[in-house]
Each structure stands twice: as structure tokens, then as C-alpha cells.
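Here is the structure we will look at, set down as C-alpha cells.
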């Protein structure tokens, strides 16, 4: 794991060979599971029975308890398991404190603490608007072609994972915000007046309203 070097080659170009600092093991190295066993042995070295157990693989660790009540499980985890895990972390130098974040991004969806999806919708509007602006710079395209580009490039951004974050009964504000993205695009596609109603634009362009797209 020491004295490792690397160089990047592409076609006829090759970088100079440079030393790698803290390179660790290569991806898929057969040494990984062996060293993993040594490193985590104290953490998982406990019996697995009807009272509970522990298991670990790569960067995942599982500790479970089984009893007649959830309260008893929680008490044992808090009084016995967590102190044991903290002691192991101190011994191995793995006690880095990770502060909680207000949001977390998972598979392209931004989750917030209250599951209001405000940050996610803001990110959608930002990305969709950027694509709309890029499409607006295209010239000599007929409305059918612009509509096809809008459906292929913008709509997938808006309705991505909508079954996770969209609630048709509660997301009225989100729908209005996302509706402005579609309205702006349709005005450009149809070369329509800015005062035209959104419903008329959607009918003329043969595009589903935002609330129906997200269902």
C-alpha cells in the first residue's frame, strides 16, 4: 500500500508518472476482504443467536437485538452496543464526527428534514430552465421539432422520480413553480404572446399539463 505510482494515458498523450499519496488498495483488490476482517474483528466478534448479533461487509455494519419488547431492544442498544461501537471507533481512529446535513441527495432526489421537497423542486427548476435557455438558442427549427426537443430534454428533468417527491393533494405551490418552466418553453415553441393562457398553450402544443405529467 506504499510507494504506488500512476500515470494517465489517452490516445498519444501520456502524463508523467506521479506518486500517489494515501492510495490505499486498488479497486477490487483480493487483499480488501482479508484486511477488512482484521480491522473489524473486534466490532463483529460476538455471538449470533436469538438475542441478536452483528455482521459487517465492506463499509456496512449491522447490529440487531431481539427480545419481547422494542423498549428492551432500544435499552440494550443504547447501554451496551453503542458504547462498544464508540470504544472500537476510538481504538481504530474511526471516530470522526459527521454532522447532520439539512439535505441529502440520493439517486438524484434531494431529501430534506421535513420532506417538503423545496430544495429538490428548486434544483429541478434551475436545471430545466438552463436546458430551456439552451434550446432557445437554436434557430431554424419548426414547432414540431422544438416540441420534440422539449419533451426529450426538459420533461424528463421535471418528472424524474416524481412518484417519490410529488403529492398531488399538497403540492400546489410546487405545481405553480414547475408550471412556469413549461409555460416559458411553450411560448417559445409556439412563438406565442406572453399573455396567452397556459391551458391554451398546452392544448395548441399538444402537451400534458404539469399536474398530469407528474402523476
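The values are calculated or read from the model by the stated rules, or taken from the named source; none is laboratory data. Everything quoted here is computed from the prediction, not taken from an experiment. Note that each Cβ is placed from the backbone with ideal geometry, even for glycine, and that neighbours are counted across all protein chains shown.
Quick notes on this one:
- Of the residues screened, residue 113 is one that is modelled with pLDDT under 90 and farther than 18 Å from residue 192 by Cβ.
- Members of region 181-215 found to be surrounded by 14 or more Cβ atoms within 10 Å (Cβ to Cβ) and touching a residue at least 40 places away in the same chain (Cβ under 8 Å), listed by number: 181, 184, 185, 188, 189, 190, 205, 207, 210, 211, 213, 214
- Where strands (runs of 3 or more DSSP E) fall wholly inside region 34-151, the ranges with 1 or more residues that are surrounded by 14 or more Cβ atoms within 10 Å (Cβ to Cβ) are 52-57, 60-65, 109-112.
- Region 152-167, residues that are within 15 Å of the chain's Cα centre (by Cα), closer than 14 Å to residue 131 by Cβ and not in a helix (DSSP H, G or I): 160
- Among the candidates 2, 21, residue that is surrounded by fewer than 13 Cβ atoms within 10 Å (Cβ to Cβ), at pLDDT below 85 and more than 33 Å from the chain's Cα centre (by Cα): 2
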